[in-house]
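Q: Take this structure, written in structure tokens, and hold onto it; I'll ask about it next.
The values are calculated or read from the model by the stated rules, or taken from the named source; none is laboratory data. What you are looking at is a predicted structure, and each value in this text was computed from that prediction instead of being measured. Neighbour counts are summed over all protein chains in view; Cβ atoms, including those assigned to glycine, are modelled from backbone coordinates with ideal geometry. Note: areas computed on protein heavy atoms with side chains; ligands, DNA, RNA excluded. Shrake-Rupley method; radii C 1.70, N 1.55, O 1.52, S 1.80 Å.
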Amino acid sequence: MLIEYTPEGGEPQLFDAGRMRTSEVQIVERTADMSWNEVLDGLRYRDVTAMRTVAFVIQKRADPSLRLSAFDPYADELRVYLDAKEVRTYADEIFKEVGDDPEELAKGWEELRDAAYDKEDVEVAIREAQAPKAPEPAPKRKAKASPSAT
């Protein structure tokens, strides 16, 4: 998950929630009073507490003296996007679920395009999800042991 913070009149800043050290994750958990899984779920649903806390902790890398009370963006200044890996995962899931329904598939692709940070990642993921898959090799059979003659 990527969080984009665009302060009013400022340049957008991008925070990668998938590249956090465990110590940072623990700070997020304590600050948000949420487990990491709850934070990740919160990011998926654009929960303001999850977005603000993750962005705050990542910003502390550059400004260790930053306090949460000093990082109080407007809600519309924070936005969550899917990263490239998440885009690939969702594209595969969408195609597996609705690949035989062109109308639903088109809706799924549009939602994915809207949720992704890099639109080119989506186009690549869509092509890969729809590409014919090579059949999985059959499991190797173990050779039967021949009875020993005595």
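Q: Any idea how far apart K85 and R61 come out in nm if each label point goes 7 Å out from Cα toward Cβ?
A: Each label point is offset 7 Å from its Cα along the Cβ direction, giving 1.4 nm.
Q: Mind giving me the nanometre distance, one decimal, between the label points for R113 and A134, set 7 Å out from Cα along Cα→Cβ?
A: So the label points at R113 and A134 sit 3.2 nm apart.
Q: Could you give the nm distance between label points at K96 and A75, where each point is 7 Å from its Cα heading toward the beta carbon?
A: Here the answer is 3.4 nm between the modelled labels.
Q: Further, regarding this structure: Kirkwood hydrodynamic radius for the range 75-142: how many Å is it when counted over pairs of different Cα atoms?
A: Working: mean 1/r = 0.0751 Å⁻¹.
After inverting the mean inverse Cα-Cα distance, the result is 13.3 Å.
Q: Still on this structure: Which value, in debye to the nearest 20, gives the size of the charge dipole of the chain about its Cα centre, when Lys and Arg are +1 and Asp and Glu are -1 at the Cβ? Write down the numbers at each step before the final one.
A: On the way: 22 positive and 32 negative charges, 256 e Å.
In debye, rounded to 20, the chain gives about 1240.
Q: If you count only protein heavy atoms and use a 1.4 Å probe, how large is the accessible surface of T22, to the nearest 10 Å²?
A: Accessible area, nearest 10 Å²: 110 Å².
Q: Ranked from the most accessible area to the least, with a 1.4 Å probe and all protein chains present, what is the order of K60, K107?
A: K107, K60
Q: Give K60/K96; K60/K119; K85/K142 a once-over and call out the pairs whose C-alpha atoms are over 31 Å from each other.
A: Violating the 31 Å limit, Cα to Cα: K60/K96; K85/K142.
Q: What figure in square angstrom, to the nearest 10, would you give for the accessible area of F71 with a 1.4 Å probe?
A: 10 Å²
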